[in-house]
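The values are calculated or read from the model by the stated rules, or taken from the named source; none is laboratory data. Note that the coordinates shown come from a computational prediction; the quantities given were computed from them, not determined experimentally. Cβ: placed from backbone, ideal geometry, glycine included. Neighbour counts: every protein chain shown. We work out accessible area using only protein heavy atoms, side chains counted, and drop any ligands, DNA or RNA first. Shrake-Rupley method; radii C 1.70, N 1.55, O 1.52, S 1.80 Å.
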Amino acid sequence: MRGLIHILRRFWADESGTTLVELAFVIPLFLLLFFGLIDFGRMGAEFVMADKAMQIASRIAVVRPAACPGVPASTARGATPVGTIPPRFGTPCSAGATVCVATATIACPGAAGNATANEIWTAIAPLMPTGSSVANLTFRYEFDPDLNFLGGPYVPVVTVELTNLNFAFVTPLGNLAALAQGAVPGGPGWGVPFPAMSMSLPAEDLNLGENG
């Protein structure tokens, strides 16, 4: 009996394995931080580069023919009330609600067959997130009466937006994110929605003015 008690006392007093136990607790936390630095660092870098890409895309779009069909080339006369004199050409559209036709907003996804969309994608492709294509770009042309005058070239506010992208994790952190959202882990490559971003600028007569 004494021998058994002695053995038990020696067992409880033995601390030779404590380092392994501590390491077992620390390693998961270390790996979580390490994987987080890798993937969230990548996400931050891709976000910054995509934001810069949208700035470049919008600057090109405002001086090129529209990437969407149906965008008018010039600002047409609005419905003149009966008994009134039609406004003369050159009148600012902001002078009255009926001076110019308020063109509806026109939007379309980027298409590789469109010259403007293709030129923009060629310029920004090196900055875009992994897995993106020209189809992830959306072009929008909005009428602004303060930018147009009757009979002049149509000058919309041009917006280029990046949408419908996922950020893919390259570490097991993606599986943890999937579990946190109640989804089924999909292994490396599982991702989260990439935030949409856009840039808007007033068009410079869409390459149709006297200096276009």
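In the list ALA112, ALA117, ALA107, which residue meets the criterion of being under 27 Å from VAL48 (Cβ atoms) and assigned to a loop (DSSP other than H, G, I, E, B)? Reasoning before the result, please.
Numbers: ALA117 fails: assigned to a loop (DSSP other than H, G, I, E, B); ALA107 fails: assigned to a loop (DSSP other than H, G, I, E, B).
The conditions single out ALA112.
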- Message: I'd like to know if segment 108-115 contains one or more residues that are in contact with a Lys or Arg (Cβ under 7 Å, 6 or more places away or on another chain) and free of Cβ contacts under 8 Å to residues at least 60 places away in the same chain.
- Response: no
- Note on the structure: Checked segment 184-212 for anything open to solvent by 40 Å² or more (accessible area, probe 1.4 Å) and either at pLDDT below 65 or of a type in the set (Asp, Glu) (or both); matches are VAL184, PRO185, GLY186, PRO188, GLY189, TRP190, GLU204, ASN207, LEU208, GLU210, ASN211, GLY212
